């Protein structure tokens, strides 16, 4: 090897690549916490972490657990301030579909507000920690206005449109009273869809829901008093509850979605692309989209 430094370098480089591959593969397997060979009761866990702006992966996980005969029930672990209306509703619908096959228990983490709470309402039972931040039953749409900034730097805009409301919400000018009315009607309609879900899934009188559905947040303990959740407890309590609902007893294993095998480079590229995509999508939704989102800052 001393006589062939180039060959030595290639061998060392290959060894480093193999070590990195095994490290990332092992890390992915550990983070997935996959258990598929247990003979005991298996509870699937689908986690919803952070703002909700895409439903595809969550729906895939839910569908996979629905098809898996070894999974007796599913825990929906929610730790999210909410997010996009459509994405939240799509996850909600996917859980409703899953309930035709498996029992589903929602376990609320640090925060499960607005769209996060909407998703939790799809479960058979909701378990919250006493200090969970939840509620925020509301809808919001925000617009930026940079007209004064453009005036200060001497820039003007010119708009050609086919309809009087085509540029409604434009950041280049203030909205007219008529435009504000249109946007308010849109937000109210989406808000009422949220209220309808809470009324139906929580079996609460509409008048009672409307009293608290003004965007305010609650602790998990207060949410229990109001009927927004069913139990106080952590994910372990939720797992035991899911076991009981599924008609099982005794020991259980928590099963997480399988991780796809990938190379080190695929892992790094996918991670970077995911972070950039989520950041961009979150920014766009926050600036111009209508959201079920608890956004205090």
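The values are calculated or read from the model by the stated rules, or taken from the named source; none is laboratory data. Owing to the predicted nature of the structure, the values given are computational and were not obtained by experimental measurement. In this analysis, Cβ positions are derived from the backbone assuming ideal geometry, glycine residues included, and neighbour counts consider all displayed protein chains.
Among all positions in segment 249-256, there is no residue which is touching a strand residue (DSSP E or B) at 6+ places or on another chain (Cβ under 9 Å), outside any helix (DSSP H, G or I) and under 13 Å from residue 106 (Cα atoms). Residue 205 meets each of the listed conditions (1) without any contact (Cβ under 8 Å) to a residue 12 or more places away in the chain; (2) under 30 Å from residue 156 (Cβ atoms); (3) more than 26 Å from the chain's Cα centre (by Cα) apart from (2). The strands (runs of 3 or more DSSP E) located wholly in segment 74-180 that include 2 or more residues which are surrounded by fewer than 22 Cβ atoms within 10 Å (Cβ to Cβ), touching a strand residue (DSSP E or B) at 6+ places or on another chain (Cβ under 9 Å) and modelled with pLDDT of 95 or more occupy 103-113. The single residue among 38, 29 that is surrounded by fewer than 21 Cβ atoms within 10 Å (Cβ to Cβ), at pLDDT below 95 and part of a helix (DSSP H, G or I) turns out to be 29.
Residues that are free of Cβ contacts under 8 Å to residues at least 60 places away in the same chain and surrounded by 14 or more Cβ atoms within 10 Å (Cβ to Cβ) within segment 217-243 comprise 222, 226, 227, 240, listed in sequence order. Can you confirm whether segment 109-124 contains a residue that is over 16 Å from the mean Cα position of the chain (by Cα) and under 21 Å from residue 220 (Cα atoms)? Within segment 109-124, one or more residues are over 16 Å from the mean Cα position of the chain (by Cα) and under 21 Å from residue 220 (Cα atoms). Of the residues making up segment 133-145, not one is over 16 Å from the mean Cα position of the chain (by Cα) and more than 30 Å from residue 170 (Cβ to Cβ).
Of the residues screened, residue 58 is not one that is surrounded by 14 or more Cβ atoms within 10 Å (Cβ to Cβ), over 13 Å from the mean Cα position of the chain (by Cα), at pLDDT 95 or above and under 20 Å from residue 242 (Cα atoms). Out of curiosity, is residue 213 modelled with pLDDT of 95 or more, touching a helix residue (DSSP H, G or I) at 6+ places or on another chain (Cβ under 6 Å) and surrounded by 14 or more Cβ atoms within 10 Å (Cβ to Cβ)? Taking the combined requirement at face value, the residue satisfies it.
Residues that are crowded, with 21+ Cβ neighbours inside 10 Å and assigned to a helix (DSSP H, G or I) within segment 62-73 comprise 62, 65, listed in sequence order.
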